[in-house]
1. Please compute the Cα-Cα pair-distance distribution of the stretch 161-212 with 10 Å bins starting at 0, giving whole percents from short to long.
2. In whole Hz and in residue order, list the ³J(HN,Hα) couplings for the stretch 174-184 that follow from phi through the Karplus curve 6.51 cos²θ - 1.76 cosθ + 1.60, θ = phi - 60°; x for Gly and Pro.
3. If you plug each phi of the stretch 153-162 into the Karplus form 6.51 cos²θ - 1.76 cosθ + 1.60 with θ = phi - 60°, what whole-Hz ³J(HN,Hα) values come out, in order, with x for Gly and Pro?
4. Take the stretch 110-159, compute every pairwise Cα distance, and split them into 10 Å bins from 0; I just need the percent in each bin.
5. Can you give the percent of C-alpha pairs in the stretch 84-140 whose distance is more than 20 Å?
6. Can you give the Kirkwood hydrodynamic radius of the stretch 48-144 from its Cα pairs, in Å with one decimal?
7. Across every pair of different alpha-carbon atoms, what Kirkwood hydrodynamic radius in Å does the chain reach?
8. Could you compute Rg(Cα) / (2.2 N^0.38 Å) for the stretch 169-274, with N its residue count?
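Throughout, read-outs are computed from the coordinates displayed, never taken from laboratory work. Small disclaimer: the values here were computed from a predicted structure and weren't measured. Quick reminder, even Gly has a Cβ in these numbers, built from the backbone with ideal geometry, and neighbours come from all protein chains shown.
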Amino acid sequence: MSGDDEVARHYAHGNLEAAILQGLRALGRDPDRLQPDDLQPIDEFHMGGRVATVELADRLDLAPGLRLLDIGSGLGGAARFFAGRGCQVDGIDVTPDYVAAANFLTRRFGLGDRLSFHPGSATDLPFPAATFDRATLLHVGMNIADKARLCAEAARVLKPGGLFGIYDVMRVSPGEIAYPVAWAAGPETSFVVAPAVYREALARAGFTLLEEHDRRALALDVFRRFQARVSERGLPPLGLHLLMGGDAVPKVANMVAALTAGIIAPLMMIARRA
Ligand SMILES: C[S@@+](CC[C@H](N)C(=O)[O-])C[C@H]1O[C@@H](n2cnc3c(N)ncnc32)[C@H](O)[C@@H]1O
């Protein structure tokens, strides 16, 4: 099985649209009249939630008319937010279930003319060279062994001077990560590496690194509030546990343990293509 197939199998759900519609109805929302905030519980499959998405958008100077590619777009929450800033957005993802759900949810918002999701791999992007002004990658690199290829592909599809915003979980000190975590069932499919590996891959692909920020404190804050809510009221009808499966609670506990021990952290990097 190829690496991409293994990733798709890890994230596959089987009946995602039905599960989301059921969750929305349980919350008293009308799936035929969705408001942007209705999907907030599943919009961000990354640490730090919407706060991190807003921060990345701000650091990338998003503005109306820019063409943006969201690589590993998941259910499309971040991409919808970027489209809300006026960008023309394409999302690609290797998990067919997610591409289908992202298109289905986006159509319900009537954003179809500004946003579309396609199947595809980060290491073989289905777009011609110099197509985009911005590219984003939120919590995807942990599934990709070849960071050099990932950055080379991002450089290829960006126009000269285009910006690449990475927000990935990275290894910030030695130590063992307990599995499962959200992105992998075990260490053989987890490619969490040091920031230096990203810096080198970016430089080799012709990027200049402009900014780098450690968002570990934000991630811990959001996770701890989630854990407190779950121990008080149980899992909500709609939430990221629908994506993480039956072992969502141990996955979160393992990520919190590795964050608390200072082994991993989500880092934001902004790089400019030559
Ligand atoms: C943790 S989710 C993050 C989703 C989304 N970026 C977000 O922040 O909500 C990781 C996503 O990356 C996708 N992915 C992993 N490896 C990929 C690859 N090589 N090419 C494209 N998508 C990939 C997965 O299918 C999944 O949707």
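1. Pair shares across the bins are 21, 46, 25, 8.
2. Residue by residue, the stretch 174-184 yields x, x, 8, 9, 7, 10, x, 10, 4, 9, 7 Hz.
3. 5, 4, 5, 4, 7, 7, 6, x, x, x
4. P(r) for the stretch 110-159, in whole percents per bin: 23, 54, 21, 3.
5. 25
6. The answer is 13.3 Å.
7. After inverting the mean inverse Cα-Cα distance, the result is 18.7 Å.
8. Rounded to two decimals, the normalised Rg is 1.22.
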